[in-house]
Structures are given as C-alpha cells and as structure tokens.
Amino acid sequence: MSELGLCSRREADAWIANGWVRVDGKVVDVLGTRVAPGARIEIDAAARHEQVARVTVLLHKPIGFVSGQPEPGYRAAIELIDGPNRWEADRAPIRFAPGQRRGLAPAGRLDIDSTGLLVLTQDGRIARLLVGGDGAVEKEYLVRVQGRIAPDGLQRLRHGLRLDGVELRPAKVSWQNEDQLRFVLREGRKRQIRRMCEQVGLEVTGLKRVRIGRVALGALPPGQWRYLGPHERF
C-alpha cells in the first residue's frame, strides 16, 4: 500500500487493524499478510475520510527554533502553530483547533540557525514524498556567503563534491548578487549547504528556504503559518 502511494506504512497498519482494507474483495485485518503482486486492493471510504481530515501546515521558521524535538534552551517550531500566529491572509477553509497539533511532524528539517519554509504534516503520504530518498521534490534556498570562492568553486557546488564519503547529486547553483547564492537541491544531508560552501572557501552567514516543490514561501511572515491549500501540490 505504501509502495503504491496509497498511504504511509503507519497509516497502512492502522487501516488494516480497523478492517478498512480489502484484497480481492475480502477484508484483511492481520498485519503482515502477504499479497500477490496482481491482487486488487480496495480502501474503505472511512480511511479516505480520515486521510482527507489530516492537516498540513506551512511555517516560516525563524532562527533559534528547532524543527523537531526541542533541545535544551531552545523552542520547537511546532510551538508556533497556534491561533495568534496563523497568517491573517490564509484563506484555507479550515478552522484552527489546538488538537490539530497532535501528530504534526516536520517533513524535512531546517537547521536551528536557518530560516524559511518548514512543512509540518499529519499526512503520511506528504511526509514520504518530501523525506523520501528518491529526490523527486526540489528544495530552493537563498544563501548569503562571505569569503573568496575557489576558481572552480561554482562548478564543484553544482556537481563533484562529497559529504560523509558519498558523492552529492547534481545541484543548481547560481549567483544572485555578489554575496548571495541560489541553491536548488534534490537531497537534504545534515547541514549540507553550509558544508558544501566550506569545501569551496565560502562561509554561510544566512540561509533561507524559499520553496519546496511547487509550494513557495511567498509573503508568509517569519514566525507565522498557514494551511496547505486544498489545491496545492508539492
């Protein structure tokens, strides 16, 4: 079910346990049941309703907030998801309720000293799409730098660097002005952009994520959030 893109593995377990999955017309409610490759899998409408009700939030994460579990002396980004911090320009037809924070998890992270678009979701399909290792979704960053770049530095940023012994995928990198680069990546290793820049003689002084797939940060103010719109897709 997960491989078919119907849901996440966690959702699949819950749906099976609830009796919401049929294989060739028969209810399957035992976890780990083997299914033939050509079997017809049907999902009960109750599972679809539960999936639609799950929310996805777009947050403009400020510097100083951690994306996931809080660290000593710092706050977690999810603490910003409340009524007063909802962007007044959000037109999504959803009423905020504190219980919506339950199950919200970051689908991809931003360093504590980085800012920009952070996605938090209850939807396992979105989490799998954004965190999966297939590199299907682009992530765009504006990066302020200082220092003198190596003669072949720009080309190496685009392709040819290695981190943790692994060759990085090709990236789109270009100068926006004399002290700012634009990065478009299809992977997200720990502190990847900062470490890439270090290898070519640059120090990152500011990093902002402005787009994930087809969803842009836009005019969303720092520290505020909005719902992913019903017609928006990554």
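Data for the structure
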{"item": "Of residues in region 65-84 being touching a strand residue (DSSP E or B) at 6+ places or on another chain (Cβ under 6 Å) and not aliphatic (A, V, I, L, M), the one farthest from residue 121 (Cα to Cα)", "result": "74"}
{"item": "Set 100, 122: member being polar (S, T, N, Q) and within 15 Å of residue 9 (Cα to Cα)", "result": "122"}
{"item": "Residue pairs meeting the criteria (Cβ under 8 Å; at least 6 apart or on separate chains; first on the phi < 0 side of the Ramachandran plot, in region 182-207; second among the aromatic types (Phe, Trp, Tyr))", "result": "182/141; 182/175; 183/141; 184/141; 185/141; 193/141; 193/183; 207/141"}
{"item": "Check on residue 186, touching a Ser or Thr at 6+ places or on another chain (Cβ under 9 Å) and surrounded by fewer than 17 Cβ atoms within 10 Å (Cβ to Cβ)", "result": "no"}
{"item": "Residues (in contact (Cβ under 8 Å) with a residue 40 or more places away in the chain, out of contact with any Lys or Arg (no Cβ under 7 Å at 6 or more places or on another chain) and either over 21 Å from residue 78 (Cβ atoms) or aromatic (Phe, Trp, Tyr) (or both)) located in region 212-234", "result": "213, 216, 219, 227, 230"}
{"item": "Search result, residues across region 68-124 that are touching a residue at least 60 places away in the same chain (Cβ under 8 Å) and loosely packed, with under 11 Cβ neighbours inside 10 Å", "result": "91, 93"}
{"item": "Residue satisfying condition, being more than 22 Å from residue 14 (Cα to Cα), aliphatic (A, V, I, L, M) and in contact with a helix residue (DSSP H, G or I) (Cβ under 6 Å, 6 or more places away or on another chain), within set 94, 81", "result": "81"}
{"item": "Selection from region 118-155 of residues that are in a loop (DSSP other than H, G, I, E, B) and on the phi > 0 side of the Ramachandran plot", "result": "135"}
{"item": "Residue in region 10-22 that is loosely packed, with under 14 Cβ neighbours inside 10 Å, at pLDDT 75 or above and over 30 Å from residue 206 (Cβ atoms) present", "result": "yes"}
{"item": "Residue within region 119-128 that is among the aliphatic types (A, V, I, L, M), at pLDDT below 95 and in the same structural domain as residue 85 (by TED's automatic domain parsing) present", "result": "yes"}
{"item": "Yes/no for residue 138 being of a type in the set (D, E, K, R) and under 15 Å from residue 108 (Cα atoms)", "result": "yes"}
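The values are calculated or read from the model by the stated rules, or taken from the named source; none is laboratory data. Everything quoted here is computed from the prediction, not taken from an experiment. All Cβ positions, glycine included, derive from the backbone under ideal geometry; neighbour counts span all protein chains shown.
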